[in-house]
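The values are calculated or read from the model by the stated rules, or taken from the named source; none is laboratory data. Source: prediction; values computed, not measured. Cβ placement follows ideal geometry from the backbone for every residue including glycine, while neighbour counts extend to all protein chains displayed.
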Amino acid sequence: MKKIDKTSRIPLYIQLMDILIDEIENQMEENDQLPSEREICEKYDVSRTTVRQAISELERDGYIYKRQGKGTFVAPKKLNQDLIRFYSFTEEMKKLGKTPVSKVLSFNIVKADKKIAFKMKRNEGDLVYEFSRLRLADDVPMLLETTYVPHDRFPGIRKADLEKTPLYDILRYRFGASLTMAEEVFRPVMTREFEMEMLKMPAEVPSLKIERFTYDGDAIIEYSNTIARGDKFKYRVRLENQ
């Protein structure tokens, strides 16, 4: 068992945080209950003030949550998304042992307006598929996504196709598309009310807006706008010095 070093210049609450994070990540499961403040005080020989400060920081960082009158519990784990290679939501969830589901909320064939035509490097008025999907993992809403795909390149896609087959599988195996690259742009946003309702998010939880451009060679074959729950995803980028 790790111990608190009272001779260290590192504040006691930070040392305690590190110990508790290690236990949460390596020894505990989602929704497991943490020991009481008194038990943590006795176990690590620290004051209640130190414990409360550590617990407060862990709650702010999303490691734990509190239930009034019940105690403190391990928060659902964030899904680590590696951004160093091409990925799809469906495949990533399967790798994590979760069951992915996509609910198609809307499906239309529309004329690209000026904004969408610019994003997809197409002519204004070109026909595109426009569809919105709620992406879930183990029945928990994770992403709210609106996608545009060129109609002339992929004729005949139906709403029913998207409800039973991942989009990228449709593009690859039905139409022979090569998904050579994807580019993503991230920025934090305030979650709008209807997004909170769809994603079943608490009002205070932030979101991440993700714009994705998927390429087949030089051609953009998918443009998506996604709202990702800030309490469910953690993204990692690797930077190399070449």
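Data for the structure
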{"read-out": "Cross-chain or 6+ apart pairs with Cβ under 6 Å, region 81-102 first and within 20 Å of Arg212 (Cα to Cα) and loosely packed, with under 13 Cβ neighbours inside 10 Å, then of a type in the set (A, V, I, L, M) and at pLDDT 75 or above", "value": "Phe86/Ala182"}
{"read-out": "Where a residue in region 113-127 is on the phi < 0 side of the Ramachandran plot and its partner, wherever it lies, is part of a loop (DSSP other than H, G, I, E, B) and small (Gly, Ala, Ser), with Cβ under 7 Å and at least six apart", "value": "Met120/Ala112; Arg122/Ala112; Glu124/Ala112; Asp126/Ala112"}
{"read-out": "Every pair of residues 6+ apart whose Cβ atoms lie under 9 Å, when the first sits in region 20-45 and is outside the structural domain of Arg67 (by TED's automatic domain parsing) and within 17 Å of Ile4 (Cβ to Cβ) while the second is modelled with pLDDT under 85 and not in a helix (DSSP H, G or I)", "value": "none"}
{"read-out": "Contacts under 7 angstrom Cβ, first residue in region 159-178 being touching a residue at least 24 places away in the same chain (Cβ under 8 Å), partner assigned to a helix (DSSP H, G or I), 6 or more apart", "value": "Pro166/Thr90; Ala177/Leu171"}
{"read-out": "So Glu37, is it under 31 Å from the mean Cα position of the chain (by Cα) and among the acidic types (Asp, Glu)", "value": "no"}
{"read-out": "Flag if Phe175 is within 20 Å of the chain's Cα centre (by Cα) and either among the basic types (Lys, Arg) or surrounded by 13 or more Cβ atoms within 10 Å (Cβ to Cβ) (or both)", "value": "no"}
{"read-out": "Subset of region 206-233 (residues that are closer than 21 Å to Glu92 by Cβ and among the β-branched types (Val, Ile, Thr))", "value": "Ile210, Thr214, Ile221, Thr226, Ile227"}
{"read-out": "Condition check for Leu134: surrounded by 12 or more Cβ atoms within 10 Å (Cβ to Cβ), within 30 Å of Ala75 (Cβ to Cβ) and in contact with a strand residue (DSSP E or B) (Cβ under 8 Å, 6 or more places away or on another chain)", "value": "yes"}
{"read-out": "Number of positions in region 179-196 that are free of Cβ contacts under 8 Å to residues at least 40 places away in the same chain and either more than 15 Å from Asn225 (Cα to Cα) or not charged (D, E, K, R) (or both)", "value": "8"}
